[in-house]
Amino acid sequence: MRQKYIVNKESKSYLANLLATESLEVQYKKTQTASFDVKNRILTLPIWKKDLSEPVTDLFVAHEVGHALYTPMSLLTKAHKQKINHSIVNVVEDARIEKLIKRRYNGLRQSFIRGYRELIAKNFFGTVDKDINDYLLIDRLNIHFKSSHISSDVEFTNEEMRFVKMIEELETPEDVIKVSKLLQEYCNVEREEKGRDQEINFDDHEYEEVKPEELTDEEKENAQPLNTDGTMKDEAEEEGEEGDASSNNKKDKEEEIQQRDPVSTGVAGKTDNLDQAISETDRNWESMRDEILDKDAKNNEYAYLHKFNQKDIIVDYKDVIRDFNKHWAHMLDNGSYYREPERTKQAFVSAKTEYKKFAKRSLKTVMYLVKEFEQKKSAALYARASSDKTGVIDPLKLHSYKYADDVFKRLTIIPDGKNHGLMLLLDWSGSMHDKILPTVEQLINLTMFCRKINVPYEVYAFTNNSENSRHYREFKDDNVKYKLGDTRVDGDFRLINWSSSRMNNKDYETNLFNLYALANSIGGFRSRRNMFDDNIWDDITYPQNYHMSSTPLNDALIAFHTLVPEFISKYNIDKMNTIILTDGYSDSGCKRYEPDHIRYRDWAPSNGLNTYFVSRKNKRQYKSNSSRSFTRNLIENLRYETGTKVVGFYIQSRKGVDMWQHQETHGKIDNGYYNVSEKTRQNLHQEWKKNKCIVTERGKHNTPYDEHYTIASQSMKVSDEAMATPSENAKTGELKRLFAKSRTGSLQSRFVLNRFIKLVA
């Protein structure tokens, strides 16, 4: 009968993580046997067929986790030295580790019972249509313990019940070796002369003789094992530490080899002695396990988020100021392009004047926003306020003492506000050139707002401008100490630190002008047909290493997994907010650090692998077979690891809705692709027509962001202009239209800032 439930095997890694409370990592790969990397605590499991039932899957995972937690690497070696057949050791050790894992997680008992019943019925042990009592003792013991002591078909003599009790009482690997050796001797004789009395030395195992009829099935099932912490010493602790340098080098080399070739979680090996008895059921089990492997499955590859040193990737604001000061001095002395120095100086003075005008206009907007923020913050605090009795009598309530007990003064308790923090990522790609000026204006307003309300913040522009990387130090492999499997960012990747709450007022004003001048120069240059137009920004150049580049958003998000926690820790942040301003998806994929000949291999579906990135912090795994899925997963994990809210702004210059942007967030999977229904399309178009913005909220849609906004670039332009002058004989209708237009423009220009107020208040 076909099982009514079918599960995805890869999802069972969460079960394995639950079982291994020491944050064991589980990987699924195309391998015949499970293995365990002791140093890195990585359990590798085979990829099983999709139609494997849930109890069997849970059984396999729990069994292998049991080996990972409790089976030392040295067990098989010790057994081999004592010439004990591996199949006998395997049976005994399986019984021990399954007892320990069920003791630790009592809820797994039913998974083992149901799973093994199914496997026995499907002849995984080769016992169907055979009398189990015709088998050697080791096989009867195997079926007895695999069936969780409840099989009434297995029979034991009084002498054999000693072995049953010994296995039930197993606690240590040393006990496994002793019992296995005794079993080997017994089964060797049993094989030669079935049923003959055995002369086995039980001196090492003192216990009362138990008759089979004295143990009921229920007693066997409900018997409470001895307490244990379930921990296991490392092999190094068991064998002792060697102090000389040569031994340490040898150990390091062994660890390096072990990373690439982890040891098997079981105790199977090629140590059979044909002259000794073996466990037939264990052999059948090992051979049948190959039948459940998914031989057609794609192999899986795993990569980890690298923890970066800030100096490797950040161009600090002090370096930015230094670069611009040096450039301005050279430009004023030598001119720019074909402009003579005098004209360049005049343009530079005019640019300073334009910036001051912008800053003055912005101050009005910022103070309005500060007022809005204080009102919303106060309302939020009072909404959470509580009252309590003071113990002091309120004279105004004394008249009610006959019918009311509450005659005391009350104190309103207002909770303290939370410490907020902001980190902002600005897209510094070439496609942002026509949007960069209004975006920078919003950004400057945002930093002014943060400084007014004393919110710690950092503003970074992400870029992979090669000039930038050459200008600073080379991003060589040797500069960054990657671990095996680490994600590697592009060698030219940098984060330009444009603004920071760490700045003093002088540096803050200096760098805001630098950014404003740069945005005007970039934003206007391509839109003007003639570079010789009478425009001050045409006469001003900027440092070569601040040219725009492509869109390494994924690289930036990888870096933020290091920077955000450091920022939270530094400023003791309670409420963290991360804002991303971009006009497209990341054009960077991912590369994985590998030793030997291929140091950095592209992470892409074209290599025929399923690719996952793994958080070293919490061992969560995310399937990422494309650059876009990698972006989604990085945002999800950043939220999960740091607790930050992530707000995205997609800035578009086109007039209509960019439906491509909304396929994943508003669509449903159809034949492997996201399709947006006609009704959803109409709703999006209506929302865009009305607001020039589309709001996508987490929970209602498929977005990884807490909130995501698709916004028109013209709405980013900061505007606080007064109402246009009406005509001489203006009527009421004209005045209303002019007022509404000015009001609308002002509100749209404050959109980003208003959203931030909502977040922090």
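The values are calculated or read from the model by the stated rules, or taken from the named source; none is laboratory data. On a predicted model such as this, the values are computed, not experimentally measured, just so you know. Glycine also receives a Cβ, built like all others from the backbone with ideal geometry; neighbour counts cover every protein chain displayed.
When you look at ASP139, is it assigned by TED's automatic domain parsing to the domain that holds TRP48 and not in a helix (DSSP H, G or I), yes or no? No, not satisfied.
Whenever a residue of region 641-657 is within 9 Å of HIS708 (Cβ to Cβ), its partners that are among the small types (Gly, Ala, Ser), lying with C-beta atoms within less than 9 angstrom and at least six residues away or across chains, give the pairs TYR650/GLY584.
Looking across region 1-28 at every residue that is surrounded by 17 or more Cβ atoms within 10 Å (Cβ to Cβ) and over 15 Å from LYS619 (Cα atoms), the one that is modelled with the highest pLDDT is identified as LYS9. The set of residues in region 488-506 being modelled with pLDDT of 80 or more, touching a strand residue (DSSP E or B) at 6+ places or on another chain (Cβ under 9 Å) and not aromatic (Phe, Trp, Tyr) consists of ASP492, ARG494, LEU495, ILE496, ASN497, SER499, SER500, SER501, ARG502. Here the condition is being over 15 Å from GLU171 (Cα atoms), touching a residue at least 60 places away in the same chain (Cβ under 8 Å) and part of a helix (DSSP H, G or I); of SER111, SER87, it holds for SER87 alone. Looking at HIS67, HIS63, HIS80, just one residue is under 29 Å from GLU190 (Cα atoms), assigned to a helix (DSSP H, G or I) and either of a type outside the set (A, V, I, L, M) or touching a residue at least 60 places away in the same chain (Cβ under 8 Å) (or both), and that residue is HIS80.
Exposed (fewer than 14 other Cβ atoms within 10 Å of the Cβ), hydroxyl-bearing (Ser, Thr, Tyr) and either under 18 Å from ASN511 (Cβ atoms) or touching a residue at least 40 places away in the same chain (Cβ under 8 Å) (or both): which single residue out of TYR317, TYR355, TYR337 fits that description? After ruling out the rest, the residue left standing is TYR337.
To keep it simple, each residue is scored yes or no on (1) outside the structural domain of LEU553 (by TED's automatic domain parsing); (2) within 30 Å of TRP688 (Cβ to Cβ); (3) at pLDDT 85 or above.
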site	(1), (2), (3)
LYS591	no, no, no
SER606	no, no, no
TYR622	no, no, yes
LEU634	no, yes, yes
ARG639	no, yes, yes
GLY648	no, yes, yes
ARG654	no, yes, no
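Among the residues examined, LEU563 does not qualify as within 27 Å of ILE694 (Cβ to Cβ) and either part of a helix (DSSP H, G or I) or at pLDDT 85 or above (or both). For VAL92, only one of the following conditions fails: (1) in a helix (DSSP H, G or I); (2) over 18 Å from GLU280 (Cα atoms). What is its number? Going through (1) in a helix (DSSP H, G or I); (2) over 18 Å from GLU280 (Cα atoms) one by one, VAL92 breaks only (2). Residues in region 555-572 that are of a type in the set (S, T, N, Q) and touching a helix residue (DSSP H, G or I) at 6+ places or on another chain (Cβ under 9 Å): 1 in all. Restricting region 675-701 to residues that are exposed (fewer than 15 other Cβ atoms within 10 Å of the Cβ) and in a strand (DSSP E or B) leaves a set whose member that is modelled with the lowest pLDDT is ASN675. Inside region 46-58, can you point out the residues that are under 27 Å from the mean Cα position of the chain (by Cα) and under 22 Å from GLY107 (Cα atoms)? The answer is GLU54, THR57, ASP58. A count restricted to region 114-124 and to residues that are of a type in the set (A, V, I, L, M, F, W, C), surrounded by 13 or more Cβ atoms within 10 Å (Cβ to Cβ) and either modelled with pLDDT of 90 or more or part of a helix (DSSP H, G or I) (or both) stands at 2.
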